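The values are calculated or read from the model by the stated rules, or taken from the named source; none is laboratory data. Note that the coordinates shown come from a computational prediction; the quantities given were computed from them, not determined experimentally. Please note: Cβ atoms are built from the backbone with ideal geometry, for glycine as well, and neighbour counts cover all protein chains shown.
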Amino acid sequence: MRTNLLKGARAPKDNESRFLLDVARRDLPGEDTMRRYRTDDEVDLVVVGAGAGGSVLAQRLARRGWRVVILEAGPFWHPDDDWVSDEAGSHDLYWTQKRVIGGDDPIELGKNNSGRGVGGSMIHYAGYTPRFHPSDFETLRRDGVGADWPITYADLRDHYVQVERELPVAGQNWPWGDPHSYPFSPHAVSGAASITWKGALACGIEMRVGPVGIVNGTFGNRPHCIYRGYCLQGCKVNAKASPYVTHLPDALAHGVEVRAGSMAVRVEIDDATGLARGVTYIDEEHGKERYQRARVVAVCAYSIESPRLLLNSISQRFPHGLCNTEDQVGRYVMVQGATQTAGRYPDEVRMYKAPLPEVSSEVFYETDESRGFARGFSIQTIAPLPIGWAEHVLAAGHWGRAMREYMRDYNHWSTVGVLNELLAQPDNRVTLADECDQYGTPVARFDYTLCDNDKANMAFSANVIHGIVIASGAQDVLTIRRFAHLIGGCRMGTSPEDSVVSADHQSWAVANLFVADGSVCPTQGSANPALTIMALASRLAQRLGSRKVDPSGGSASRLAPVSGSNRR
Amino acid sequence: MARDLSKPDHLPNLRPGREPPHSSWLPLQRRGTTPQMIGRYPDYDVFDAAGSWDDATAKVVNARLHMPADLHFFSAGEVATLRAFCDVCVAQDGEPRVPVVEMIDEKLAAGRLDGYQYADMPDDRDTWHVVLAGLDEVAEGRYGKATFAACDPDTQEAIVALLAKAQLSGGSWDSLNVKRAWSVCMRMILAAFYSHPWAWNEIGFGGPAYPQGYMRLGPMAVREPHEKPEATKEDPVSVISQDGT
Ligand SMILES: Cc1cc2nc3c(=O)[nH]c(=O)nc-3n(C[C@H](O)[C@H](O)[C@H](O)COP(=O)(O)OP(=O)(O)OC[C@H]3O[C@@H](n4cnc5c(N)ncnc54)[C@H](O)[C@@H]3O)c2cc1C
Ligand code: SF4
């Protein structure tokens, strides 16, 4: 009761982003007056990548007086002009530089899972923001698969609460994992999602509305969602959470410089001390290599580009790539199975309305031995727009006249998907390809192969959603196999032999080099990863800021207090 | 003869040979333009709401109506086969056509690719050249025609069916993974075709929705004022009176 009265009223502490945003314009406020640092000025922290992890880390530490530069490869968005209510027109939001994919089950990248630009992949993520379950942090101990994290759910709990208030997350009270409530009320349920929900109930499967990082009501100067369904194309409304609206406004107000169009190509190591001394990057506008000095470096470029950057950072001490002496960089990259089933219904449904994420279930999240495989999956409604729907119809084997027929029937369909937990495997890995990008830096190659547990999980879950769609009264069904979400590649662990960074995201090899993005996660559960990535960065910032982690490598001079506060 | 749209009997999966019915069951388009002037929403035009689109979106969408006619990426020798191939893939057998070829050419010329390349595949740009060459080889080798474009429509469809099932080999086809080549081409063709507002008219998609947004999410009301009900080939008079016009 009390929690319900407080819906929409519990404000986050220490983050003014929602008030800094402009009601009438979508540009990131403060870009014109943004603090600029000289490249030869040794800043306290240089962050590579202005995405989920990097933005939260920068915002938090800037509030503690750190002088921070974020190098971001992609553009500094001006959403009023750059973003459109259009699928094909949103191509520039994605990481479309070349990457090579291999293995028995190659994973398609680009628009499916990687963004490029200030705000990172969350600019065009769907918006589901579930927490990981406590079990996700100890799958090896509990279920004999995957890996145990060097931290537990309890270490992240307070940060989950804080980030949920910052996004803010809307949803029903959550009964699964560690039961919790959300700061905002659940959104209205669209006709399309209610069909799936009805089918699930008929199968005895409980579903709940949310959790989504989408404003329901108003939140500072951020308006209510207008139910336009273009969440994957960048929310022009500012209703959907991304670092661009949730953390970067506050970061800029506290002196962070976001240097866009700056592709990091090498973390530089001082061969004498073994510490990182800065980052070399390509200034895209001028086509020039530049070098930013820094006291601490945080790599936050996500699961493909973070390993690539480390592997490309060759030095005398690290001839096989930075932090790669034990051959761990790029290993244990994971995706989630994301099989999608669409059903056809007698009446018009028009699934393109409302946010694409609506209703979900974690009933099947935990291991149930009777199913014959370890770990589980979640169920989430989704709603492809026309091009997405055409790709679905194609994957189901139709083209030409049959394709046109199914497409004309678009308004009669509703779609549900799963997220399978797929297990961490050492050979599912990012390496360097033979090919180079336009700056001569080798591009990433990502090999991926499913294991038997993965296949069993995917087959079981496909049956479950097929059952839901049939029970909801579908007259025709189209099911396709696909994958979503990246995680891992620089995982945290307890020793350099099985991981790249420690529980404090500190690389084993270089004391002042940290990784703070999705690549540090040793497992992914069946939850979408963005909230967890932000919570992890929030925890790291707290530990760095309160000196629980020592980035000095033991040298006293480097322990000197961070440069004075530069709040404005 | 009007078909009951609450029934799914027009859907390929539920029909013999997974073949859709001939398009003659569809009503003639009365209002917005659709590809080949067929569709399920004869009185719908997504441009009726265009006044409410934001400028950036309107610019991107309108540009698709005015694609430059000259091609830069494909060579003159490839164009006929390219056109025939794209027509078959999305069944564009007459005017008005969505300018799929021009849209793909512009994208490839600008190097706007998808951001990944299968290890057993060439660059997407090379894939297109190989596929077009391979289609001509099949036309010649199996059907005795000089090019794919010179084959009759049924033959063209039969060849594309082989490509879709990855049942082509020899010559150009041995230089790539045929199954993936099909997906590379189709991804691009579909992204072009279904980004075009004429295709939105055909399928009744509401189109861009900013700053206005959608208000009728269902389950009770599903149509905004500018969205129109679907129809089959019935008497237009009854539809018009139903509409209150
Ligand atoms: C289509 C789609 C749907 C998704 N849906 C959901 C969802 O519903 N819920 C959810 O939780 N998650 C979702 N995700 C995933 C989520 O967006 C990511 O997991 C998350 O944003 C990753 O955070 P990150 O900080 O690790 O990296 P990112 O947010 O990707 O940030 C990395 C940044 O680093 C930059 N960068 C990379 N290399 C360099 C370099 N060398 N130099 C400089 N900058 C560099 C990139 O341009 C990027 O901006 C979705 C993703 C996509 C693409
Ligand atoms: S549906 Fe809501 S959250 Fe999604 S893009 Fe539209 S306004 Fe933003």
Filter result for A:TYR410 (at pLDDT 95 or above, more than 7 Å from chain B (Cβ to nearest Cβ) and buried (at least 24 other Cβ atoms within 10 Å of the Cβ)): no
Where B:LEU162 falls short, out of the listed (1) farther than 21 Å from A:VAL393 by Cβ; (2) without any contact (Cβ under 8 Å) to a residue 40 or more places away in the chain; (3) among the aliphatic types (A, V, I, L, M): (1)
Index of the failed condition, B:ASN62 passing every other in (1) over 23 Å from B:GLN92 (Cα atoms); (2) without any contact (Cβ under 8 Å) to a residue 40 or more places away in the chain: (1)
Pick from the range A:235-252, criterion more than 11 Å from ligand 1 (Cβ to nearest atom) and within 14 Å of chain B (Cβ to nearest Cβ), ranking: surrounded by the most Cβ atoms within 10 Å (Cβ to Cβ): A:CYS235
Boolean, A:VAL69 is touching a strand residue (DSSP E or B) at 6+ places or on another chain (Cβ under 6 Å), surrounded by 24 or more Cβ atoms within 10 Å (Cβ to Cβ) and not aromatic (Phe, Trp, Tyr): yes
Test: residue in the range A:326-336 that is within 26 Å of A:LEU486 (Cβ to Cβ), in contact with a Lys or Arg (Cβ under 6 Å, 6 or more places away or on another chain), charged (D, E, K, R) and crowded, with 21+ Cβ neighbours inside 10 Å: yes
Pair list, Cβ under 8 Å, 6 or more apart: the range B:1-25 residue touching a residue at least 24 places away in the same chain (Cβ under 8 Å) and outside any helix (DSSP H, G or I), other residue loosely packed, with under 13 Cβ neighbours inside 10 Å and of a type outside the set (Lys, Arg): B:ARG3/B:ASP9
Scope the range B:14-40; condition touching a Ser or Thr at 6+ places or on another chain (Cβ under 8 Å) and buried (at least 18 other Cβ atoms within 10 Å of the Cβ); matching residues: B:LEU26, B:PRO27, B:GLN36, B:ILE38, B:ARG40
In the range A:208-232, residue nearest to the other protein chains (Cβ to nearest Cβ) [restricted to those that are over 15 Å from A:ALA354 (Cβ atoms) and more than 16 Å from ligand 1 (Cβ to nearest atom)]: A:PRO223
Condition met for A:LEU57 (in contact (Cβ under 8 Å) with a residue 12 or more places away in the chain, within 14 Å of ligand 1 (Cβ to nearest atom), within 13 Å of A:VAL118 (Cα to Cα) and of a type in the set (A, V, I, L, M)): no
Given (1) of a type in the set (A, V, I, L, M); (2) over 23 Å from A:LEU109 (Cα atoms); (3) more than 9 Å from ligand 1 (Cβ to nearest atom), index of the condition A:VAL279 fails: (3)
Filter result for A:SER185 (more than 26 Å from A:ASP155 (Cβ to Cβ), within 14 Å of ligand 2 (Cβ to nearest atom) and either within 14 Å of chain B (Cβ to nearest Cβ) or within 25 Å of the chain's Cα centre (by Cα) (or both)): no
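Quick check, is A:ILE101 within 10 Å of chain B (Cβ to nearest Cβ), assigned to a loop (DSSP other than H, G, I, E, B) and not aromatic (Phe, Trp, Tyr)?
Values: within 10 Å of chain B (Cβ to nearest Cβ): yes; assigned to a loop (DSSP other than H, G, I, E, B): no; not aromatic (Phe, Trp, Tyr): yes.
For A:ILE101, the condition - within 10 Å of chain B (Cβ to nearest Cβ), assigned to a loop (DSSP other than H, G, I, E, B) and not aromatic (Phe, Trp, Tyr) - is not met.
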Within the range A:203-229, tally of residues that are among the small types (Gly, Ala, Ser) and buried (at least 24 other Cβ atoms within 10 Å of the Cβ): 3
Top-ranked residue in the range A:465-492 [being surrounded by 21 or more Cβ atoms within 10 Å (Cβ to Cβ) and more than 20 Å from the chain's Cα centre (by Cα); ranked as nearest to A:GLY545 (Cα to Cα)]: A:ILE465
Cβ pairs under 8 Å, 6+ apart, first in the range A:117-141 and within 14 Å of another protein chain (Cβ to nearest Cβ), second of a type in the set (Asp, Glu) and more than 16 Å from ligand 2 (Cβ to nearest atom): A:GLY117/A:GLU72; A:GLY117/A:ASP92
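For the range A:285-340: of the residues being within 22 Å of the chain's Cα centre (by Cα) and aromatic (Phe, Trp, Tyr), which is farthest from A:ALA52 (Cα to Cα)? Spell out how you get there, then give the answer.
The first filter runs over the range A:285-340 and keeps only residues within 22 Å of the chain's Cα centre (by Cα), leaving A:297-311, A:328-340.
Retained after the next criterion (residues that are aromatic (Phe, Trp, Tyr)): A:302, A:332.
On the way: A:TYR302: 9, A:TYR332: 20 Å.
Result: A:TYR332.
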Given (1) out of contact with any Ser or Thr (no Cβ under 7 Å at 6 or more places or on another chain); (2) part of a helix (DSSP H, G or I); (3) of a type in the set (A, V, I, L, M), index of the condition B:MET220 fails: (2)
Residues (within 16 Å of ligand 2 (Cβ to nearest atom), in contact with a strand residue (DSSP E or B) (Cβ under 8 Å, 6 or more places away or on another chain) and among the hydrophobic types (A, V, I, L, M, F, W, C)) located in the range A:350-365: A:MET351, A:LEU356, A:VAL359
